[in-house]
Amino acid sequence: MTHPPEALNSPACETILTLLEPIYGPFVWEPRHKPIDELVFTILSQHTSDSNSERAFDALVRRFQSMEAVARSEVEMIRQCIELAGLSQIKAPRIRAVLREIQHRLGSLDISFLKDVPLDEAKAWMQSLPGIGPKTAAVVLCFAFGMPAMPVDTHVHRIAKRLGLIAEATTADKAHPMLEAMVAPENVFAFHLSLISHGRLICKARRPLCSLCVLAISCPSSTT
């Protein structure tokens, strides 16, 4: 696992993880998909539910059997397979463009070399692919390789602002390196999943359940 040199173990983040992981975890990293599949799955998961993205991914795999076949396919065939994931007219050409760009650069779809390069270089390579931003890059590096890249989804972003870890005006893109630097590298995966779980169940967007929150006593946004 590659550790960013600026990583710090913020006492606040350590306390947050200590309180949340026993409730929602334990979170032990293991690869969810092989790397190229994780990349396609993550593109599919944008702006949709987990269940819909999983069903769309399964449909894509059943239809094409391999990502090499997806790369050779017509965009419309891909789009039809992934309609359940929503925004298929955007995601289908993006998926094919990314796969073809990787093949052009590497001669294959094997991106396993990323686990052996420094984290910043791996992020930069991922984000140089068409349509790939900080969140998608972080998800792939974290979930496929166990690298300490902090994915900042809507739940992580919202809770980090409510807890005062980042300023209210901080964008999700800017929050990635900021939060990553606050969490010990070995805790990034568990911290990310703990905040997602907490955001879905307690620290909800419209009506946070502050009376049930184990973080409420030290949360500047608590209504209790």
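Coordinate-derived values only; no laboratory data. This is a predicted model, so every value here is computed, not measured. Using ideal geometry, Cβ is built from the backbone for each residue, glycine included, and neighbour counts are taken over all protein chains shown.
Computed from the C-beta positions of residue 77 and residue 128 and an R0 of 25 Å, the FRET efficiency is 0.40 to the nearest 0.05. For the pair residue 58 and residue 204, the difference between a 0.36 nm per residue extended length and the Cα-Cα distance amounts to 49.7 nm.
Taking 25 Å as the limit for the C-alpha separation, the pairs 34/174; 123/204; 115/135; 91/161; 34/161 exceed it in the case of 34/174; 123/204; 91/161; 34/161. Of the three principal axes defined by the Cα atoms of the chain, the extents in descending order read 55, 37, 32 Å.
For residue 105 and residue 47, FRET efficiency with R0 = 35 Å and r from the beta-carbon atoms, rounded to 0.05? Here the calculated transfer efficiency is 0.80. Backbone phi angles across region 181-189, fed through the Karplus curve with coefficients 6.51, -1.76 and 1.60 (θ = phi - 60°), yield HN-Hα couplings of 6, 8, 10, 4, x, 6, 9, 4, 4 Hz in residue order; Gly and Pro are listed as x. Working from label points 7 Å from Cα in the Cα-to-Cβ sense, the residue 154 to residue 173 distance is 1.9 nm. Counting only DSSP H runs of at least 4 residues, each contributing -39500 (n - 2.57), and dividing by the residue count of the chain, the helix-based mean residue ellipticity at 222 nm comes to -17500 deg cm²/dmol. Derived from the Cα gyration tensor, the three semi-axes of the equivalent ellipsoid of region 35-145 are 22, 15, 12 Å, largest first. Of interest is the spacing of the C-alpha centroids, which for region 160-224 and region 21-69 amounts to 24 Å.
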